Amino acid sequence: MSRFTARRTRVAVSIAAVALSALALSACAGSSDPASSSSSGGDAAGPGDITVQLSWIKNEEFCGEFFADSKGYYTDAGFSSVELVPGPSTGASELISGTADFAMSDAVSTGSVVASEGAPLKIIGTTYQKNPFTVLSLKDGGNIATVADLKGKRIGVQDSNTALFNAFLAANGMSASDLTIVPVQYDPAPLINGEVDGFIAYLTNEAIIVQNEGHDTVNLPFADNGLPFPAETLVTTDDMIKNHPDTVKAFLKAEIQGWTAAVADPAGCASLAYDDYGKDLNLDPKNSEAGAVAQLSDLVVSDETETNGLFSISDDLKEATVKSLGEAGIDVTADQLFDTSLLEELYSENPDLVKYAG
């Protein structure tokens, strides 16, 4: 598999192709109960079997899930089996149709279908405390270290990322007329070749790949510059939350344990991806190891998780997310998008989890 395979549909595709998602959701809505279609019955019978839709390929991005599976945390939580289905996918159609019980997604993707279609979905926790989108540049090239540095520059933007980039500009009091948008794909070759001054990328992916090829890089992260929203969010249906709360809490507990193991062992996190779960993808160990360290140290843990545990989402982040989505033309309230009550209940019932995840 090419290292630049069309990598990040997630946030971007949900904005560019929300109409297609809406059609899928409309067709599937009410067709089946996610808890009953892939889980074996209700909470009274135990969690049973569940299916988890991943947002991307089985790389280091999901090493917490790999640890939860390989260390038996899912089994300890009562699940007979847990199927991790690789993406790319935003998870919305799978959740609504009942082919998945939980999905890894992001606030923009979920917010899009909630706002446009009233999709019965909620974010119940988040792996990443902030999103990894960045304007990547070369130090001896565009050297874009501040928002002001964007003015007059040529920025490589993938078609599906245009709406998100425009939202980023709007959040910083700028518009497309302040610079030149150059259509690109996901391969950052145009940046390396000097065809563009900046390139929309992921901090844990292209930014690392370009750096590992020997280039001095500069990043302008969206999350630190006016467009914060959580990513790799855990999403499920309103029905699951209401009628199967014990299943949700069991899943969250196993996830917390898995990601705690990942935070404690970045090398093992990467190894599970390139040696085991993603072995058939021919992942580059060096890039996987660097990606694991970057996500675990910069995205997964924060002051919030140190205080309230992994996957927690502060009220401030919820409100900042809603504001960010508004900049992208997605009108949704925090109550419509988030329901972290079961995560908070889980931590209240198991106070050792906070220490365990700290």
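The values are calculated or read from the model by the stated rules, or taken from the named source; none is laboratory data. This one's a predicted model, so the numbers in the text were calculated from it and none came from an experiment. FYI the Cβ positions are ideal-geometry reconstructions off the backbone, even for glycines, and counts take in every protein chain you see. Just so you know, the surface numbers come from the protein's heavy atoms only, side chains and all, with ligands and any DNA or RNA stripped out. Shrake-Rupley method; radii C 1.70, N 1.55, O 1.52, S 1.80 Å.
Being farther than 26 Å from LEU169 by Cβ and not charged (D, E, K, R) holds for only one residue in ASN193, ASN287, ASN219, and it is ASN287.
The set of residues from the range 122-148 being farther than 19 Å from THR162 by Cα, open to solvent by less than 20 Å² (accessible area, probe 1.4 Å) and either touching an Asp or Glu at 6+ places or on another chain (Cβ under 7 Å) or polar (S, T, N, Q) (or both) comprises ILE124, THR126, THR127, TYR128, LEU138, GLY142.
Taking the range 207-229 as the range and being open to solvent by less than 10 Å² (accessible area, probe 1.4 Å) and more than 18 Å from VAL293 (Cα to Cα) as the test, the residues that pass are LEU220, PHE222, LEU227, PHE229. Counting the residues of the range 347-358 that are open to solvent by 70 Å² or more (accessible area, probe 1.4 Å) and part of a helix (DSSP H, G or I) gives 5.
Residues that are at pLDDT below 95 and out of contact with any Ser or Thr (no Cβ under 8 Å at 6 or more places or on another chain): does the range 332-349 have at least one? Scanning the range 332-349 turns up no residue that is at pLDDT below 95 and out of contact with any Ser or Thr (no Cβ under 8 Å at 6 or more places or on another chain). Residues of the range 78-90 that are touching an Asp or Glu at 6+ places or on another chain (Cβ under 9 Å) and at negative phi: PHE79, SER80, SER81, VAL82, GLU83, LEU84, VAL85, THR90.
Of the set (1) open to solvent by 10 Å² or more (accessible area, probe 1.4 Å); (2) under 24 Å from ASN350 (Cα atoms), all apply to LEU234 but (1). Within the range 287-298, residues that are touching a residue at least 12 places away in the same chain (Cβ under 8 Å) have Cβ atoms under 6 Å from residues that are buried (at least 21 other Cβ atoms within 10 Å of the Cβ) and not in a helix (DSSP H, G or I) in these pairs: GLY291/THR204; ALA294/THR204; GLN295/THR204, counting only partners at least 6 apart in sequence or on another chain. Mind checking which residues of the range 206-220 are modelled with pLDDT under 95 and either under 21 Å from the mean Cα position of the chain (by Cα) or part of a strand (DSSP E or B) (or both)? Scanning the range 206-220 gives GLU206, ALA207, ILE208, ILE209. Does the range 296-305 include one or more residues that are more than 22 Å from GLY111 (Cβ to Cβ) and hydrophobic (A, V, I, L, M, F, W, C)? Within the range 296-305 (the criterion being more than 22 Å from GLY111 (Cβ to Cβ) and hydrophobic (A, V, I, L, M, F, W, C)), the answer is yes, since at least one residue qualifies.
For the range 134-143, check the following and say yes or no: at least one residue is under 30 Å from GLN257 (Cα atoms) and touching a residue at least 24 places away in the same chain (Cβ under 8 Å). There is at least one residue in the range 134-143 that is under 30 Å from GLN257 (Cα atoms) and touching a residue at least 24 places away in the same chain (Cβ under 8 Å). When the range 221-241 is filtered for residues that are at pLDDT below 95, outside any strand (DSSP E or B) and among the charged types (D, E, K, R), only ASP224 remains. Where helices (runs of 4 or more DSSP H) fall wholly inside the range 242-346, the ranges with 1 or more residues that are aliphatic (A, V, I, L, M) and surrounded by fewer than 22 Cβ atoms within 10 Å (Cβ to Cβ) are 245-264, 266-271, 285-294, 315-327, 334-337.
Of all residues in the range 90-118, those that are farther than 20 Å from PHE133 by Cα have Cβ atoms under 9 Å from Cβ atoms of residues that are open to solvent by 10 Å² or more (accessible area, probe 1.4 Å) and basic (Lys, Arg), 6 or more apart or on another chain, in VAL114/LYS122.
The set of residues from the range 117-137 being closer than 16 Å to LYS249 by Cα and of a type in the set (S, T, N, Q) comprises THR126, THR127.
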